[in-house]
Amino acid sequence: MRRRPLRVLVSGAGIAGPTLAALLGRSGHQVLVVERDQGVRSSGGPVDVRGPAFDVVEGLGLVPRLAEVATSVREVAFVDESGDRVAALGTRRSADRELELARADLSAALVEAAGPVAEFRFGDAVAGLRPGGGGVQVAFERSGPERFDLVVAADGVHSHVRRLSYGPEAGLVRPLGMYVATVRVPAVVGDRGDTVLMHNAPGAATAVHPGTGSPGAAFMFRSARRVDPGDRAATGDLLSRVYGSLGWRVPELLAAYLAADDTYFDAVCRVRTPTWSRGPVALLGDAASCVTLFGEGSTAAVVGARTLARALDSSDEVSTALARYETEHRRFVARGQRAVPVVSHLLVPATRTGIRVRNAALRLAVRRRAHRAGP
(Lines give C-alpha, C1' and ligand atoms only; values in the text may rest on other atoms or scores of the structure.)
Protein backbone atom coordinates (compact mmCIF):
# COMPACT_ATOMS: atom_id res chain seq x y z
CA MET A 1 0.00 0.00 0.00
CA ARG A 2 1.04 3.63 -0.54
CA ARG A 3 2.63 5.49 2.36
CA ARG A 4 -0.32 7.75 3.24
CA PRO A 5 -3.96 6.71 3.37
CA LEU A 6 -6.16 8.86 1.16
CA ARG A 7 -9.47 10.48 1.95
CA VAL A 8 -11.59 9.68 -1.11
CA LEU A 9 -15.09 10.78 -2.08
CA VAL A 10 -16.95 8.50 -4.49
CA SER A 11 -20.10 9.88 -6.15
CA GLY A 12 -22.45 7.05 -7.08
CA ALA A 13 -23.49 3.82 -5.34
CA GLY A 14 -24.21 1.79 -8.46
CA ILE A 15 -21.56 -0.77 -9.40
CA ALA A 16 -18.24 1.00 -9.98
CA GLY A 17 -18.53 3.18 -6.87
CA PRO A 18 -19.14 0.48 -4.24
CA THR A 19 -16.51 -1.77 -5.85
CA LEU A 20 -13.91 0.96 -5.54
CA ALA A 21 -15.03 1.77 -1.99
CA ALA A 22 -14.70 -1.87 -0.93
CA LEU A 23 -11.23 -2.23 -2.43
CA LEU A 24 -9.87 1.08 -1.15
CA GLY A 25 -11.46 0.64 2.27
CA ARG A 26 -9.85 -2.77 2.69
CA SER A 27 -6.50 -1.16 1.89
CA GLY A 28 -6.92 1.35 4.70
CA HIS A 29 -8.10 4.42 2.80
CA GLN A 30 -10.92 6.59 4.16
CA VAL A 31 -13.81 6.44 1.70
CA LEU A 32 -17.15 8.26 1.63
CA VAL A 33 -19.73 7.19 -0.98
CA VAL A 34 -22.47 9.73 -1.66
CA GLU A 35 -25.62 8.77 -3.58
CA ARG A 36 -28.51 11.06 -4.51
CA ASP A 37 -31.07 8.23 -4.31
CA GLN A 38 -32.29 7.00 -0.95
CA GLY A 39 -31.02 3.48 -1.63
CA VAL A 40 -30.02 1.00 -4.32
CA ARG A 41 -32.03 1.52 -7.49
CA SER A 42 -34.43 -1.24 -8.50
CA SER A 43 -34.62 -0.37 -12.21
CA GLY A 44 -32.35 -1.43 -15.05
CA GLY A 45 -31.85 -4.70 -16.88
CA PRO A 46 -29.71 -7.75 -16.14
CA VAL A 47 -25.94 -7.26 -16.08
CA ASP A 48 -22.99 -9.61 -16.55
CA VAL A 49 -19.98 -10.31 -14.36
CA ARG A 50 -17.39 -12.24 -16.28
CA GLY A 51 -13.66 -12.52 -16.95
CA PRO A 52 -11.51 -10.35 -14.65
CA ALA A 53 -14.64 -8.88 -13.03
CA PHE A 54 -15.51 -12.34 -11.74
CA ASP A 55 -12.07 -12.46 -10.10
CA VAL A 56 -12.82 -9.16 -8.33
CA VAL A 57 -16.16 -10.23 -6.86
CA GLU A 58 -14.60 -13.56 -5.92
CA GLY A 59 -11.86 -11.71 -4.04
CA LEU A 60 -14.54 -9.73 -2.20
CA GLY A 61 -16.18 -13.00 -1.14
CA LEU A 62 -19.40 -12.30 -3.05
CA VAL A 63 -19.66 -15.24 -5.45
CA PRO A 64 -21.85 -17.47 -3.21
CA ARG A 65 -24.30 -14.63 -2.58
CA LEU A 66 -24.40 -13.55 -6.22
CA ALA A 67 -24.81 -17.14 -7.42
CA GLU A 68 -27.97 -17.44 -5.32
CA VAL A 69 -29.65 -14.57 -7.22
CA ALA A 70 -28.08 -15.19 -10.64
CA THR A 71 -30.24 -16.07 -13.62
CA SER A 72 -29.91 -19.36 -15.47
CA VAL A 73 -30.05 -17.80 -18.93
CA ARG A 74 -28.03 -19.64 -21.55
CA GLU A 75 -29.35 -18.31 -24.86
CA VAL A 76 -31.32 -15.70 -26.74
CA ALA A 77 -34.02 -17.26 -28.94
CA PHE A 78 -35.23 -15.08 -31.82
CA VAL A 79 -38.91 -15.66 -32.59
CA ASP A 80 -41.33 -14.61 -35.33
CA GLU A 81 -44.75 -13.01 -34.86
CA SER A 82 -46.26 -16.42 -34.01
CA GLY A 83 -43.64 -17.05 -31.34
CA ASP A 84 -41.88 -19.76 -33.36
CA ARG A 85 -38.12 -19.93 -32.99
CA VAL A 86 -36.20 -18.84 -36.09
CA ALA A 87 -32.64 -18.60 -34.70
CA ALA A 88 -30.72 -18.63 -31.42
CA LEU A 89 -27.57 -17.20 -29.91
CA GLY A 90 -25.70 -18.63 -26.93
CA THR A 91 -24.91 -16.16 -24.15
CA ARG A 92 -22.51 -18.09 -21.92
CA ARG A 93 -18.75 -17.78 -22.40
CA SER A 94 -17.72 -19.74 -19.31
CA ALA A 95 -19.44 -22.67 -17.63
CA ASP A 96 -18.64 -21.67 -14.06
CA ARG A 97 -16.87 -18.29 -13.94
CA GLU A 98 -19.49 -15.81 -15.05
CA LEU A 99 -22.76 -14.56 -13.64
CA GLU A 100 -25.79 -12.75 -14.99
CA LEU A 101 -28.02 -11.07 -12.42
CA ALA A 102 -30.20 -8.05 -11.82
CA ARG A 103 -28.28 -4.80 -11.61
CA ALA A 104 -29.91 -4.03 -8.26
CA ASP A 105 -28.74 -7.37 -6.81
CA LEU A 106 -25.14 -6.77 -7.87
CA SER A 107 -25.19 -3.21 -6.56
CA ALA A 108 -26.70 -4.25 -3.22
CA ALA A 109 -24.05 -6.95 -2.74
CA LEU A 110 -21.23 -4.51 -3.50
CA VAL A 111 -22.66 -1.90 -1.12
CA GLU A 112 -22.84 -4.53 1.60
CA ALA A 113 -19.24 -5.59 0.94
CA ALA A 114 -18.06 -1.99 1.23
CA GLY A 115 -20.21 -1.19 4.28
CA PRO A 116 -17.72 -2.29 6.97
CA VAL A 117 -14.82 -0.32 5.45
CA ALA A 118 -16.48 2.76 3.91
CA GLU A 119 -19.12 5.33 4.81
CA PHE A 120 -22.30 5.62 2.72
CA ARG A 121 -24.41 8.75 2.62
CA PHE A 122 -27.68 8.24 0.74
CA GLY A 123 -30.04 11.08 -0.14
CA ASP A 124 -27.24 13.57 -0.75
CA ALA A 125 -25.16 14.71 -3.71
CA VAL A 126 -22.17 16.82 -4.70
CA ALA A 127 -23.16 20.44 -5.28
CA GLY A 128 -19.78 22.03 -6.03
CA LEU A 129 -16.05 21.33 -6.40
CA ARG A 130 -13.17 23.65 -5.57
CA PRO A 131 -9.80 22.01 -6.32
CA GLY A 132 -6.65 23.39 -4.76
CA GLY A 133 -3.81 22.65 -2.38
CA GLY A 134 -3.41 19.05 -3.52
CA GLY A 135 -7.05 18.16 -2.95
CA VAL A 136 -10.57 19.38 -3.49
CA GLN A 137 -13.12 21.15 -1.28
CA VAL A 138 -16.55 19.61 -1.87
CA ALA A 139 -19.90 21.27 -1.23
CA PHE A 140 -22.87 18.95 -0.73
CA GLU A 141 -26.56 19.55 -1.29
CA ARG A 142 -27.63 18.50 2.21
CA SER A 143 -24.53 18.31 4.42
CA GLY A 144 -21.64 20.62 5.20
CA PRO A 145 -18.51 21.03 3.06
CA GLU A 146 -15.61 18.60 3.38
CA ARG A 147 -12.12 18.26 1.94
CA PHE A 148 -10.84 15.19 0.10
CA ASP A 149 -7.61 14.10 -1.55
CA LEU A 150 -9.55 12.66 -4.49
CA VAL A 151 -13.09 12.81 -5.87
CA VAL A 152 -14.23 9.95 -8.12
CA ALA A 153 -17.22 10.40 -10.40
CA ALA A 154 -18.94 7.01 -10.61
CA ASP A 155 -22.41 8.43 -11.20
CA GLY A 156 -23.18 7.10 -14.65
CA VAL A 157 -23.44 8.20 -18.26
CA HIS A 158 -25.03 11.53 -17.32
CA SER A 159 -22.58 12.15 -14.46
CA HIS A 160 -23.26 15.29 -12.43
CA VAL A 161 -19.75 15.35 -11.00
CA ARG A 162 -18.26 15.08 -14.49
CA ARG A 163 -20.39 18.06 -15.51
CA LEU A 164 -19.05 20.09 -12.57
CA SER A 165 -15.46 19.31 -13.50
CA TYR A 166 -15.57 19.01 -17.29
CA GLY A 167 -18.53 21.20 -18.25
CA PRO A 168 -21.67 20.27 -20.26
CA GLU A 169 -21.89 16.72 -21.56
CA ALA A 170 -22.74 17.78 -25.12
CA GLY A 171 -19.21 17.25 -26.41
CA LEU A 172 -18.56 14.13 -24.34
CA VAL A 173 -21.72 12.04 -24.66
CA ARG A 174 -22.85 11.10 -28.17
CA PRO A 175 -26.24 9.44 -28.73
CA LEU A 176 -25.99 6.45 -31.07
CA GLY A 177 -29.50 6.76 -32.48
CA MET A 178 -30.93 4.02 -30.25
CA TYR A 179 -33.04 3.83 -27.10
CA VAL A 180 -33.56 1.17 -24.45
CA ALA A 181 -36.62 0.90 -22.19
CA THR A 182 -37.31 -1.79 -19.58
CA VAL A 183 -40.12 -2.79 -17.24
CA ARG A 184 -41.02 -5.73 -14.97
CA VAL A 185 -43.82 -7.93 -16.30
CA PRO A 186 -45.85 -10.91 -14.98
CA ALA A 187 -44.53 -14.38 -15.69
CA VAL A 188 -46.20 -16.31 -18.51
CA VAL A 189 -46.77 -20.06 -18.37
CA GLY A 190 -44.44 -21.76 -20.83
CA ASP A 191 -41.62 -19.22 -20.68
CA ARG A 192 -38.29 -20.99 -20.12
CA GLY A 193 -36.05 -19.79 -17.32
CA ASP A 194 -32.88 -20.29 -19.35
CA THR A 195 -33.95 -18.44 -22.50
CA VAL A 196 -34.42 -14.80 -23.44
CA LEU A 197 -37.11 -14.47 -26.12
CA MET A 198 -36.57 -11.71 -28.69
CA HIS A 199 -38.76 -10.56 -31.56
CA ASN A 200 -37.43 -8.24 -34.26
CA ALA A 201 -39.03 -5.77 -36.60
CA PRO A 202 -36.88 -3.42 -38.71
CA GLY A 203 -35.07 -1.16 -36.26
CA ALA A 204 -36.96 -2.47 -33.23
CA ALA A 205 -36.39 -5.41 -30.89
CA THR A 206 -38.63 -6.59 -28.06
CA ALA A 207 -37.27 -9.04 -25.51
CA VAL A 208 -38.60 -10.92 -22.51
CA HIS A 209 -35.96 -11.88 -19.98
CA PRO A 210 -36.97 -14.58 -17.46
CA GLY A 211 -34.97 -13.05 -14.62
CA THR A 212 -35.15 -15.07 -11.40
CA GLY A 213 -38.92 -15.34 -11.05
CA SER A 214 -39.57 -11.69 -11.94
CA PRO A 215 -39.40 -11.38 -15.74
CA GLY A 216 -38.51 -8.16 -17.47
CA ALA A 217 -39.40 -6.76 -20.87
CA ALA A 218 -36.97 -4.67 -22.89
CA PHE A 219 -37.59 -2.45 -25.88
CA MET A 220 -34.49 -1.66 -27.95
CA PHE A 221 -35.04 0.48 -31.02
CA ARG A 222 -33.49 2.89 -33.49
CA SER A 223 -34.83 6.42 -33.77
CA ALA A 224 -33.47 9.78 -34.85
CA ARG A 225 -36.04 11.54 -32.68
CA ARG A 226 -34.66 13.24 -29.56
CA VAL A 227 -36.65 12.97 -26.35
CA ASP A 228 -35.95 13.75 -22.71
CA PRO A 229 -35.66 10.34 -20.96
CA GLY A 230 -37.32 11.86 -17.89
CA ASP A 231 -40.41 13.01 -19.80
CA ARG A 232 -42.85 10.11 -19.36
CA ALA A 233 -45.33 11.52 -21.84
CA ALA A 234 -42.71 11.97 -24.57
CA THR A 235 -41.06 8.59 -24.05
CA GLY A 236 -44.44 6.83 -23.93
CA ASP A 237 -45.47 8.54 -27.16
CA LEU A 238 -42.22 7.49 -28.87
CA LEU A 239 -42.60 3.89 -27.74
CA SER A 240 -46.21 3.83 -28.93
CA ARG A 241 -45.22 5.19 -32.34
CA VAL A 242 -42.47 2.59 -32.79
CA TYR A 243 -44.23 -0.46 -31.32
CA GLY A 244 -47.94 0.29 -31.66
CA SER A 245 -48.47 -1.83 -34.78
CA LEU A 246 -46.13 -4.75 -34.01
CA GLY A 247 -47.20 -8.32 -33.30
CA TRP A 248 -46.05 -11.22 -31.11
CA ARG A 249 -46.42 -10.23 -27.42
CA VAL A 250 -45.61 -6.59 -28.10
CA PRO A 251 -49.11 -5.18 -27.37
CA GLU A 252 -49.27 -6.70 -23.87
CA LEU A 253 -45.67 -5.72 -23.07
CA LEU A 254 -46.14 -2.17 -24.32
CA ALA A 255 -49.33 -1.83 -22.26
CA ALA A 256 -47.45 -3.07 -19.18
CA TYR A 257 -44.74 -0.47 -19.71
CA LEU A 258 -47.15 2.41 -20.22
CA ALA A 259 -49.09 1.46 -17.07
CA ALA A 260 -46.07 0.92 -14.79
CA ASP A 261 -44.51 3.40 -12.36
CA ASP A 262 -41.08 1.76 -12.06
CA THR A 263 -39.57 1.86 -15.57
CA TYR A 264 -36.23 2.63 -17.17
CA PHE A 265 -35.72 4.63 -20.36
CA ASP A 266 -32.56 6.14 -21.83
CA ALA A 267 -30.72 6.80 -25.05
CA VAL A 268 -27.88 4.46 -25.95
CA CYS A 269 -24.81 6.68 -25.83
CA ARG A 270 -21.08 6.52 -26.26
CA VAL A 271 -19.08 8.45 -23.66
CA ARG A 272 -15.67 9.62 -24.76
CA THR A 273 -13.64 12.10 -22.72
CA PRO A 274 -10.16 13.33 -23.67
CA THR A 275 -8.85 12.45 -20.20
CA TRP A 276 -10.27 10.52 -17.26
CA SER A 277 -9.01 12.97 -14.64
CA ARG A 278 -8.72 16.68 -14.08
CA GLY A 279 -6.56 17.43 -11.09
CA PRO A 280 -7.99 15.59 -8.07
CA VAL A 281 -11.23 14.59 -9.89
CA ALA A 282 -11.34 11.23 -11.69
CA LEU A 283 -13.94 9.47 -13.83
CA LEU A 284 -14.88 5.82 -13.37
CA GLY A 285 -17.33 3.41 -15.00
CA ASP A 286 -19.90 4.82 -17.41
CA ALA A 287 -18.95 8.37 -16.40
CA ALA A 288 -15.57 7.78 -18.07
CA SER A 289 -16.46 5.49 -20.93
CA CYS A 290 -19.77 3.82 -21.64
CA VAL A 291 -18.56 0.73 -23.45
CA THR A 292 -21.42 -1.56 -24.36
CA LEU A 293 -25.10 -1.62 -25.15
CA PHE A 294 -26.43 -4.52 -23.15
CA GLY A 295 -25.22 -5.66 -19.75
CA GLU A 296 -21.44 -5.86 -20.00
CA GLY A 297 -20.76 -2.32 -18.81
CA SER A 298 -20.87 -3.81 -15.32
CA THR A 299 -17.83 -5.95 -16.05
CA ALA A 300 -15.92 -2.90 -17.27
CA ALA A 301 -17.03 -0.94 -14.18
CA VAL A 302 -15.78 -3.59 -11.75
CA VAL A 303 -12.49 -4.04 -13.61
CA GLY A 304 -11.96 -0.27 -13.78
CA ALA A 305 -12.51 0.04 -10.03
CA ARG A 306 -9.88 -2.62 -9.40
CA THR A 307 -7.42 -0.93 -11.76
CA LEU A 308 -7.91 2.44 -10.07
CA ALA A 309 -7.64 0.95 -6.57
CA ARG A 310 -4.40 -0.84 -7.42
CA ALA A 311 -2.92 2.30 -8.95
CA LEU A 312 -3.76 4.39 -5.87
CA ASP A 313 -2.35 1.72 -3.54
CA SER A 314 0.96 1.52 -5.37
CA SER A 315 1.65 5.19 -6.12
CA ASP A 316 2.82 7.93 -3.77
CA GLU A 317 1.28 10.63 -5.97
CA VAL A 318 -2.42 10.74 -6.87
CA SER A 319 -1.64 12.22 -10.29
CA THR A 320 0.72 9.34 -11.09
CA ALA A 321 -1.89 6.82 -10.00
CA LEU A 322 -4.61 8.40 -12.14
CA ALA A 323 -2.37 8.41 -15.21
CA ARG A 324 -1.53 4.75 -14.69
CA TYR A 325 -5.20 3.82 -14.20
CA GLU A 326 -6.23 5.60 -17.39
CA THR A 327 -3.49 4.08 -19.53
CA GLU A 328 -4.26 0.55 -18.38
CA HIS A 329 -8.05 0.66 -18.34
CA ARG A 330 -8.43 2.46 -21.67
CA ARG A 331 -6.91 -0.62 -23.31
CA PHE A 332 -9.54 -2.80 -21.64
CA VAL A 333 -12.57 -0.71 -22.61
CA ALA A 334 -11.36 -0.12 -26.18
CA ARG A 335 -12.22 -3.73 -27.02
CA GLY A 336 -15.79 -3.24 -25.83
CA GLN A 337 -16.23 0.01 -27.73
CA ARG A 338 -15.11 -1.61 -30.97
CA ALA A 339 -17.78 -4.29 -30.51
CA VAL A 340 -20.68 -1.84 -30.10
CA PRO A 341 -21.64 -1.58 -33.81
CA VAL A 342 -21.51 -5.36 -34.23
CA VAL A 343 -23.68 -6.01 -31.17
CA SER A 344 -26.21 -3.35 -32.13
CA HIS A 345 -26.73 -4.77 -35.62
CA LEU A 346 -26.85 -8.33 -34.29
CA LEU A 347 -29.62 -7.61 -31.80
CA VAL A 348 -31.42 -4.76 -33.58
CA PRO A 349 -31.03 -5.09 -37.37
CA ALA A 350 -32.21 -1.95 -39.14
CA THR A 351 -33.97 -3.70 -42.06
CA ARG A 352 -35.95 -6.86 -42.84
CA THR A 353 -33.05 -8.01 -44.98
CA GLY A 354 -30.73 -7.51 -42.02
CA ILE A 355 -33.02 -9.64 -39.84
CA ARG A 356 -33.09 -12.46 -42.41
CA VAL A 357 -29.30 -12.36 -42.88
CA ARG A 358 -28.73 -12.39 -39.11
CA ASN A 359 -31.05 -15.37 -38.61
CA ALA A 360 -29.51 -17.31 -41.50
CA ALA A 361 -25.98 -16.67 -40.19
CA LEU A 362 -26.91 -17.90 -36.70
CA ARG A 363 -28.54 -21.05 -38.07
CA LEU A 364 -25.46 -21.75 -40.19
CA ALA A 365 -23.20 -21.32 -37.17
CA VAL A 366 -25.27 -23.88 -35.24
CA ARG A 367 -25.01 -26.40 -38.10
CA ARG A 368 -21.23 -25.90 -38.32
CA ARG A 369 -20.81 -26.46 -34.58
CA ALA A 370 -22.92 -29.60 -34.78
CA HIS A 371 -20.84 -30.85 -37.73
CA ARG A 372 -17.56 -30.25 -35.87
CA ALA A 373 -18.92 -32.05 -32.81
CA GLY A 374 -19.67 -35.13 -34.94
CA PRO A 375 -22.26 -37.84 -34.31
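The values are calculated or read from the model by the stated rules, or taken from the named source; none is laboratory data. Values in this document were obtained by computation on a predicted structure and should not be read as measured data. So basically every Cβ, Gly included, is an ideal-geometry build from the backbone, and we count neighbours across all protein chains shown. With ligands, DNA and RNA removed, areas are computed over all heavy atoms of the protein, side chains included. Shrake-Rupley method; radii C 1.70, N 1.55, O 1.52, S 1.80 Å.
Restricting attention to the stretch 48-78 and to residues that are part of a strand (DSSP E or B) and open to solvent by less than 10 Å² (accessible area, probe 1.4 Å), the residue that is farthest from ALA21 (Cα to Cα) turns out to be PHE78. You will find that of ALA88, ALA153, the residue that is closer than 30 Å to ARG249 by Cα, of a type in the set (A, V, I, L, M), crowded, with 17+ Cβ neighbours inside 10 Å and touching a residue at least 24 places away in the same chain (Cβ under 8 Å) is ALA88 and no other. Taking the stretch 125-139 as the range and being in contact with a strand residue (DSSP E or B) (Cβ under 6 Å, 6 or more places away or on another chain), surrounded by fewer than 18 Cβ atoms within 10 Å (Cβ to Cβ) and of a type outside the set (Gly, Ala, Ser) as the test, the residues that pass are ARG130, GLN137.
Suppose the filter is farther than 19 Å from LEU24 by Cα, among the aliphatic types (A, V, I, L, M) and modelled with pLDDT under 95; does ALA139 pass it?
no
Every condition in (1) β-branched (Val, Ile, Thr); (2) surrounded by fewer than 18 Cβ atoms within 10 Å (Cβ to Cβ); (3) modelled with pLDDT under 90 holds for THR275 except the one numbered (3).
I'd like the full set of residues that are within 23 Å of GLY134 (Cβ to Cβ) and of a type outside the set (S, T, N, Q), limited to the stretch 275-286. TRP276, ARG278, GLY279, PRO280, VAL281, ALA282, LEU283, LEU284, listed by residue number.
For THR320, state whether it is among the β-branched types (Val, Ile, Thr), without any contact (Cβ under 8 Å) to a residue 24 or more places away in the chain, surrounded by fewer than 23 Cβ atoms within 10 Å (Cβ to Cβ) and in contact with a helix residue (DSSP H, G or I) (Cβ under 9 Å, 6 or more places away or on another chain). Against the criterion (among the β-branched types (Val, Ile, Thr), without any contact (Cβ under 8 Å) to a residue 24 or more places away in the chain, surrounded by fewer than 23 Cβ atoms within 10 Å (Cβ to Cβ) and in contact with a helix residue (DSSP H, G or I) (Cβ under 9 Å, 6 or more places away or on another chain)), THR320 qualifies. For the stretch 147-158, the condition holds for at least one residue, the condition being that it is over 23 Å from PRO274 (Cβ atoms), modelled with pLDDT of 95 or more and either hydrophobic (A, V, I, L, M, F, W, C) or part of a strand (DSSP E or B) (or both). Within the span defined as the stretch 196-206, every residue fails to be of a type in the set (Ser, Thr, Tyr) and surrounded by fewer than 22 Cβ atoms within 10 Å (Cβ to Cβ).
The residues listed here are PRO251, PRO280, PRO349; of these, the one that is open to solvent by 70 Å² or more (accessible area, probe 1.4 Å), of a type outside the set (Val, Ile, Thr) and more than 20 Å from the chain's Cα centre (by Cα) is PRO251. When LEU32 is tested against the conditions (1) open to solvent by 10 Å² or more (accessible area, probe 1.4 Å); (2) modelled with pLDDT of 95 or more; (3) among the hydrophobic types (A, V, I, L, M, F, W, C); (4) part of a strand (DSSP E or B), the lone failure is (1). Among the residues examined, TYR264 qualifies as under 22 Å from the mean Cα position of the chain (by Cα), open to solvent by 20 Å² or more (accessible area, probe 1.4 Å) and of a type in the set (Phe, Trp, Tyr). Residue count for the stretch 221-245 under the criterion of being touching a residue at least 60 places away in the same chain (Cβ under 8 Å) and either open to solvent by 10 Å² or more (accessible area, probe 1.4 Å) or among the small types (Gly, Ala, Ser) (or both): the result is 1. For the stretch 3-29, a residue qualifies if it is open to solvent by less than 10 Å² (accessible area, probe 1.4 Å), under 28 Å from HIS209 (Cα atoms) and part of a loop (DSSP other than H, G, I, E, B), and the qualifying residues are GLY12, ALA13.
Within the stretch 207-220, work out how many residues are part of a loop (DSSP other than H, G, I, E, B) and either of a type in the set (A, V, I, L, M, F, W, C) or surrounded by fewer than 17 Cβ atoms within 10 Å (Cβ to Cβ) (or both). Residues in the stretch 207-220 being part of a loop (DSSP other than H, G, I, E, B) and either of a type in the set (A, V, I, L, M, F, W, C) or surrounded by fewer than 17 Cβ atoms within 10 Å (Cβ to Cβ) (or both): 2 in total. Does the stretch 296-312 include one or more residues that are more than 30 Å from PHE148 (Cα to Cα) and crowded, with 17+ Cβ neighbours inside 10 Å? Within the stretch 296-312, one or more residues are more than 30 Å from PHE148 (Cα to Cα) and crowded, with 17+ Cβ neighbours inside 10 Å.
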